[in-house]
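Inspection log for the structure reproduced underneath, given as structure tokens.
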Amino acid sequence: MTAAQISALLPLLVLSGGIVVLLIVVAWLRSGAVAFLGALVVLAATIAVTPLALGAGTQDIDGLLEIDGYALFFHGLVAFAAVATAVLSYRYLKPRAAHAQEFYILLLVATLGAVVTAATDHFAGFLLGIEVLSISLYAMIAYPQEGRGPLEAAAKYLVLSGAGTSTMLFGMALIYVVTGTLEFVPAGEVGRNEQLLLAVGQAMLLIGVFFKLSLVPFHMWTPDVYQGAPAPVTGFVATVSKAAVFAVLMRYALAVGVVDAEVLRNVIVVVAVLSMIAGNFLALLQINIKRLLAYSSIAHMGYLLIAVVVAATPEVRSFGVETALVYLAGYVLMTLAAFGVVTVLSNADEDAEELTAYDGLFWRRPVLAAVLAAAALSLAGIPLTVGFIAKFYLVAAGVDGAAWILVWALIVGSAIGIYYYLRIVFAMTKRPEAETQAPPVAWEGVVSVVVLGASIIVLGVFPSPVVDFVRALGGP
């Protein structure tokens, strides 16, 4: 292995080595605080060495991983989301788990699975990464010692995710039969029977990926799992797992030319439109903020498919990839901020998930209310937020790629979404009938959500740093 390859692998090596060291330390000390601080140190070190990996350029690691600017963008994004999740989980887990040490190890392992998934250009690497991520998530969702909700959510996610993975794995097998390789490569010249086999394999692979992304009609698990999972874990599932799977979907689609096939392109367009419309319509009916954000995430994943379709056009490929990265960066900030506020406001008995729990929040907790309002308005795509910049990018990309059906679906879906996002803001502005003493909240959680909320506004007003950075990374 060359020095350049080792340099490119630094974030993965630091994260993997950190997990091993933390396992030994936690086995010795058995302290939740030590595990928490150790996880933060490992994640901070991972983020710190990522710029060094960028300097190594694109490196192919034995045909299994492709470490390039695109992959390292997701390394940094996933590690950042993991830091936020760790901070938000610290006080949240104290009354819910007598021993929280293993949670932080699971968080690091899930992060490792996500970054491997984002960097792979090989089916074996894809399967390895997604399974490391998923198995860790099963345990994280069920981690609280008491309560039926987390255990039920973990069981649903386990069974349905297993079905999705099995479908995806069978699709990989069919593609291997045709191509003779597990690498992401075009099939080339194939016979009529093999063309049918390849189409079936790619369709089954896409079904598994669509399940992981909660796209319609493979979305039914999402609201139940989001509602039952612990609030900080829900934020992690909604951001990190979606970002990692989308990263590999974009890489595979561009490497193999999936969208070039008219049938598969039409399938992706239909799934995108259904996700945008159905996700927003179903969110209108929700009075539980976790379920509302679950249906919202379905719509946002539908929006992101615009970038996949557009990037398949050679003339606007780089702009399509740039759009996807900008949108994902904004989506991660918005979603983490929203679930972060839910986490901070949750008490030892239950999560603050009912919309009525936010009535009058501006008068009780003005800072937290301002962050949640910023997240909601950004998810709606209101100007001066990062969500507006992200949606503007999608519209511009859709116009450049002549994806008019998707552009109109985005506009209609966003118009519907404004209503239920403003419901959250309206609920928080209600003046309470009587003055009540607000219970204390964790200061580190408040700091975390304030940073996320400020990022939403700052990047909405000054998006140039992120845009320039993403543009310089290039694509897969």
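The values are calculated or read from the model by the stated rules, or taken from the named source; none is laboratory data. Quick caveat, the model's predicted, so the values are computed rather than measured. So basically every Cβ, Gly included, is an ideal-geometry build from the backbone, and we count neighbours across all protein chains shown. Quick note on the areas: whole protein, heavy atoms, side chains included, nothing else; ligands and nucleic acids left out. Shrake-Rupley method; radii C 1.70, N 1.55, O 1.52, S 1.80 Å.
So which of Val258, Val270, Val233 is closer than 14 Å to Leu205 by Cβ and hydrophobic (A, V, I, L, M, F, W, C)?
Just one listed residue meets the conditions, Val258.
For residues that are of a type in the set (A, V, I, L, M, F, W, C), open to solvent by less than 20 Å² (accessible area, probe 1.4 Å) and at pLDDT 90 or above, scanning just segment 255-277, find the one that is nearest to Thr181 (Cα to Cα).
Ile268
If Asn193 satisfies every condition in (1) surrounded by fewer than 23 Cβ atoms within 10 Å (Cβ to Cβ); (2) of a type in the set (S, T, N, Q); (3) touching a residue at least 12 places away in the same chain (Cβ under 8 Å) but one, which is the exception?
Only one criterion in (1) surrounded by fewer than 23 Cβ atoms within 10 Å (Cβ to Cβ); (2) of a type in the set (S, T, N, Q); (3) touching a residue at least 12 places away in the same chain (Cβ under 8 Å) is unmet by Asn193, namely (3).
Would you mind stating whether Ala153 is among the small types (Gly, Ala, Ser) and either in contact with a strand residue (DSSP E or B) (Cβ under 6 Å, 6 or more places away or on another chain) or open to solvent by 20 Å² or more (accessible area, probe 1.4 Å) (or both)?
No.
Do we have Gly387 as without any contact (Cβ under 8 Å) to a residue 40 or more places away in the chain, crowded, with 19+ Cβ neighbours inside 10 Å and within 19 Å of Ser297 (Cβ to Cβ) here?
So Gly387 fails the test.
Using beta carbons and a limit of 7 Å, which pairs, at least six apart or on different chains, have the first residue in segment 315-328 and under 12 Å from Pro476 (Cα atoms) and the second one open to solvent by 10 Å² or more (accessible area, probe 1.4 Å) and basic (Lys, Arg)?
Glu322/Arg471
Looking only at segment 343-371, filter to residues that are of a type in the set (Val, Ile, Thr) and surrounded by fewer than 24 Cβ atoms within 10 Å (Cβ to Cβ); which one of those is modelled with the highest pLDDT?
Val367
Has segment 165-183 got any residue that is in contact with a strand residue (DSSP E or B) (Cβ under 7 Å, 6 or more places away or on another chain) and open to solvent by 20 Å² or more (accessible area, probe 1.4 Å)?
Checked against the condition, which is being in contact with a strand residue (DSSP E or B) (Cβ under 7 Å, 6 or more places away or on another chain) and open to solvent by 20 Å² or more (accessible area, probe 1.4 Å), segment 165-183 yields at least one hit.
Among the candidates Gly381, Gly413, single out the residue that is open to solvent by less than 30 Å² (accessible area, probe 1.4 Å) and at negative phi.
Gly413
On the given criteria, is Phe319 under 24 Å from Pro144 (Cα atoms) and either open to solvent by less than 10 Å² (accessible area, probe 1.4 Å) or in a helix (DSSP H, G or I) (or both)?
no
Residue by residue through segment 106-134, note down the ones that are over 17 Å from Gly208 (Cβ atoms), more than 15 Å from the chain's Cα centre (by Cα) and open to solvent by 10 Å² or more (accessible area, probe 1.4 Å).
If the condition is that a residue be over 17 Å from Gly208 (Cβ atoms), more than 15 Å from the chain's Cα centre (by Cα) and open to solvent by 10 Å² or more (accessible area, probe 1.4 Å), then Leu106, Val109, Asp121 are the ones that fit.
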